[in-house]
1. With 10 angstrom as the radius, rank Ile203, Ile80, Ile239 by how many other C-beta atoms surround their C-beta, starting from the fewest.
2. Multiply the residue separation of Leu272 and Arg118 by 0.36 nm, subtract the distance between their alpha-carbon atoms, and state the gained length in nm to one decimal.
3. Counting Lys +1, Arg +1, Asp -1, Glu -1, what net charge surrounds Gly64 among other residues with beta carbon under 11 Å of its beta carbon?
4. How much length is gained on full extension from Ala57 to Lys211, taking 0.36 nm per residue of separation minus their Cα-Cα distance?
5. What trypsin sites (Lys or Arg not before Pro) does region 199-270 have in DSSP loop regions with at most 13 other beta carbons within 10 Å?
6. What's the exposure ranking of Phe174, Phe48, going from fewest to most Cβ atoms within 10 Å?
7. Could you give the length gained on full extension between Thr248 and Asn66, defined as 0.36 nm per residue of separation minus the Cα-Cα distance, in nm?
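Read the figures in this text as sums done on the coordinates, not as results from a lab. Everything quoted here is computed from the prediction, not taken from an experiment. All Cβ positions, even for glycine, are placed from backbone atoms using ideal geometry, and neighbour counts span all protein chains on display.
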Amino acid sequence: MTTNTLPALELAASDGHTGDMNRDTGLAASALAVRGLTVSYGTKPAVFSIDATVPKASMTAIVGPNGAGKSTFLKAVLGIIPRLSGAAYVDGKPLETMRRAIAYVPQRASVDWDFPTRVRDVVTMGQFRSLGLLGFIRPAHRKKTLECLERVGMADFADRQIGQLSGGQQQRVFLARALAQDAGLYLLDEPFAGVDAATEKAIIDVLKGLKAEGKTVVCVHHDLATVSDYFDHVLMLNIRKIAEGPVTTTFTGPMLQETYGGRLATTHIDQLKLD
Ligand SMILES: Nc1ncnc2c1ncn2[C@@H]1O[C@H](COP(=O)(O)OP(=O)(O)OP(=O)(O)O)[C@@H](O)[C@H]1O
Ligand SMILES: [Mg+2]
């Protein structure tokens with residue numbers, strides 16, 4: 001971890017990225033705007049000086065090789081890990097004031113699944129902000145929990161222990177938990193990793209439904225073959241930002257080569273049937 005202990009906001013102010021909000025026209029028009037984000041776990045930055053602008057109601061993919069800093073980027077945007085510099089805005093306002101509007105689903109491998117909790121409790125916890133100070137669960141919360149489990153096809157598993165589910169089933173439950181938060185911005189770290197085709201279809205249908213409701217979805221995504229089908233916007237990362245923009249104009253062979261450092265076979269890129 002970085003040894004820097006300054007609060008993220010102070011750091012953000014120190015690099016000039018909070019003072020010029022009025023001149024930054026991308027901010028108010030975007031669901032998420034990141035400015036000058038640098039994160040370091042030691043001396044070498046894992047994410048360096050990234051500006052990114054996620055359009056409202058977009059489905060945005062974050063792509064890049066293993067170790068490119070994709071998970072680090074999301075965690076630092078959310079303030080889960082400290083930023084060395086930079087700031088994040090949601091709907092043009094500092095992210096720190098907009099937490100209620102954000103749902104986050106971490107990379108599955110990073111979560112400890114052995115804690116003894118029922119599926120329905122995991123999803124109900126997604127509503128903790130509306131449970132009140134004493135955490136009273138009212139019938140409306142129970143109803144919402146079941147509705148969200150139904151949306152991901154997991155209602156029959158409500159009383160199971162989360163640790164007793166398969167990986168793909170756990171992924172659906174954590175999507176249900178995010179749905180229960182009623183957020184406007186969904187940040188998901190590899191929601192399709194290790195799931196079968198049916199679960200992938202169920203998850204993408206839910207995410208497309210969110211977009212249709214005007215919500216914004218950002219996914220770290222590894223399967224380059226489905227980027228064009230699933231997403232309309234893309235952020236290509238490899239420690240630095242390589243490119244960002246509409247998938248049709250940004251997700252191109254040369255940009256992929258640059259993002260993956262020439263490690264993608266040309267045949268692989270040809271198979272992606274890029275425009
Ligand atoms: N807690 C940590 N302490 C030290 N180094 C870390 C830590 N977490 C990540 N790193 C390093 O930072 C870099 C970026 O890691 P990160 O997890 O953000 O990559 P990623 O793009 O999400 O990769 P993947 O596709 O494998 O999930 C890697 O080199 C990783 O080894
Ligand atoms: Mg990751």
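1. So the ranking, lowest neighbour count to highest, is Ile80, Ile239, Ile203.
2. My answer for the length gained is 51.4 nm.
3. Counting the neighbours of Gly64, the net charge comes to +2.
4. Using 0.36 nm per residue and subtracting the Cα-Cα distance, I get 54.9 nm.
5. Loop-located and lightly packed - Arg263.
6. Listed from fewest to most nearby Cβ atoms, that is Phe48, Phe174.
7. Result for the pair: 63.2 nm of gain on full extension.
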